[in-house]
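A quick write-up on the structure given underneath.
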Amino acid sequence: MMAVTSSCKEGNKIAMDNGKYVRYTPEQVEALERLYYECPKPSSMRRQQLIREYPILSNIEPKQIKVWFQNRRCREKQRKEASRLQAVNRKLTAMNKLLMEENDRLQKQVSQLVYEKSYFRQQSQQQAGLATTDTSCDSVVTSGHQHHLTPQHPPRDASPAGLLSIADETLTEFLSKATGTAVEWVQMPGMKPGPDSIGIVAISHGCTGVAARACGLVGLDPTRVAEILKDRPSWFRDCRAVDVINVLSTGNGGTIELLYMQLYAPTTLAPARDFWLLRYTSVLEDGSLVVCERSLNNTQNGPNMPPAANFVRAEMLPSGYLIRP
């Protein structure tokens with residue numbers, strides 16, 4: 001029958017035997033909706049009784065009313081199922097977010113454990129090497145000299161406390177350059193910090209390495225500025241990649257990150273450069289946000305990794321960003 005094929009169609013249409021649809025009037029739909037909430041599944045006798053009690057339904061056949069109630073129940077079931085699926089989807093989304101956060105936490109924990117394992121292995125190797133350097137107690141007595149087994153440049157402690165010590169030294173040296181007299185800055189002609197431009201206003205003179213100082217005013221929250229500056233590949237075209245190897249939280253609310261960075265060479269005549277860096281983010285007493293970094297080497301117990309193919313291991317002296325509200 002055509003009435004069966006109309007299941008779950010719009011509730012204001014009637015499926016006739018000749019295949020044509022006749023629309024219900026708004027008054028008829030309103031009356032049927034009221035009856036549906038009273039009795040969602042009326043019997044055959046009840047449907048005939050409805051036609052007699054409600055003159056507005058007198059031109060509708062009982063089988064058409066039956067089809068309307070079937071369609072209405074079908075739509076109600078679909079709505080309930082859609083609502084249930086939406087609730088399940090919200091729960092799964094929340095669970096997925098929690099799992100992603102937990103996965104990120106575990107990855108950082110694994111990275112930290114791998115780094116600590118490498119550190120302890122390196123310490124064990126160094127101790128074994130020192131033990132085999134001089135195994136005779138008589139040599140100290142007969143030589144008349146005290147043997148110093150400590151290397152000329154002792155490795156720094158790469159434990160969290162040791163990394164914090166390196167971070168504090170980096171912060172102090174960076175601030176002495178940015179706000180102190182550690183660097184003799186030469187003012188660039190016509191360049192002054194202001195709201196209309198961001199550019200280099202001074203270059204270094206008579207100091208180790210090459211340095212420049214730039215200033216500018218931006219209408220962003222300091223934490224947002226720090227996020228942008230940390231995402232170096234997004235604004236520094238020579239930066240090929242920056243990978244965060246490990247993240248440690250400090251007691252003063254700061255963070256220490258161990259990074260590996262690759263930079264394109266400024267000319268095709270020279271190979272590209274790569275760096276192992278320590279990046280320290282902290283807040284000063286005056287509310288200023290500081291993001292400073294320096295390269296790590298073997299004397300500071302940096303990762304003892306050979307440079308990648310076609311890259312030259314380079315060094316970055318303490319530098320960074322001072323962000324004032």
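The values are calculated or read from the model by the stated rules, or taken from the named source; none is laboratory data. Small disclaimer: the values here were computed from a predicted structure and weren't measured. Neighbour counts are summed over all protein chains in view; Cβ atoms, including those assigned to glycine, are modelled from backbone coordinates with ideal geometry. Calculation scope for accessible area: heavy atoms of the full protein, side chains included, ligands and nucleic acids excluded. Shrake-Rupley method; radii C 1.70, N 1.55, O 1.52, S 1.80 Å.
The figures follow:
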| quantity | calculated |
| --- | --- |
| Filter result for M261 (surrounded by 12 or more Cβ atoms within 10 Å (Cβ to Cβ) and in a loop (DSSP other than H, G, I, E, B)) | no |
| Check on Q86, at pLDDT 85 or above, in a helix (DSSP H, G or I), open to solvent by 100 Å² or more (accessible area, probe 1.4 Å) and farther than 14 Å from P160 by Cα | yes |
| Pairs, first in a helix (DSSP H, G or I) in the range 58-71, second open to solvent by 70 Å² or more (accessible area, probe 1.4 Å) and basic (K, R), C-beta under 6 Å, six or more apart | none |
| Yes/no for M1 being modelled with pLDDT under 80 and exposed (fewer than 10 other Cβ atoms within 10 Å of the Cβ) | yes |
| Pairs where the first residue, in the range 204-217, is in a strand (DSSP E or B) and the second is open to solvent by 60 Å² or more (accessible area, probe 1.4 Å) and among the β-branched types (V, I, T), C-beta under 6 Å, 6+ apart | H205/V186; A212/I200; A212/I203; A214/I200 |
| Cβ pairs under 9 Å, 6+ apart, first in the range 91-111 and touching a residue at least 12 places away in the same chain (Cβ under 8 Å), second of a type in the set (V, I, T) and surrounded by 10 or more Cβ atoms within 10 Å (Cβ to Cβ) | K108/V244; K108/V247; S111/V244; S111/I245; S111/V247 |
| Unique match (being open to solvent by 80 Å² or more (accessible area, probe 1.4 Å), under 26 Å from the mean Cα position of the chain (by Cα), more than 27 Å from I256 (Cβ to Cβ) and at pLDDT 85 or above) among R224, R237 | R237 |
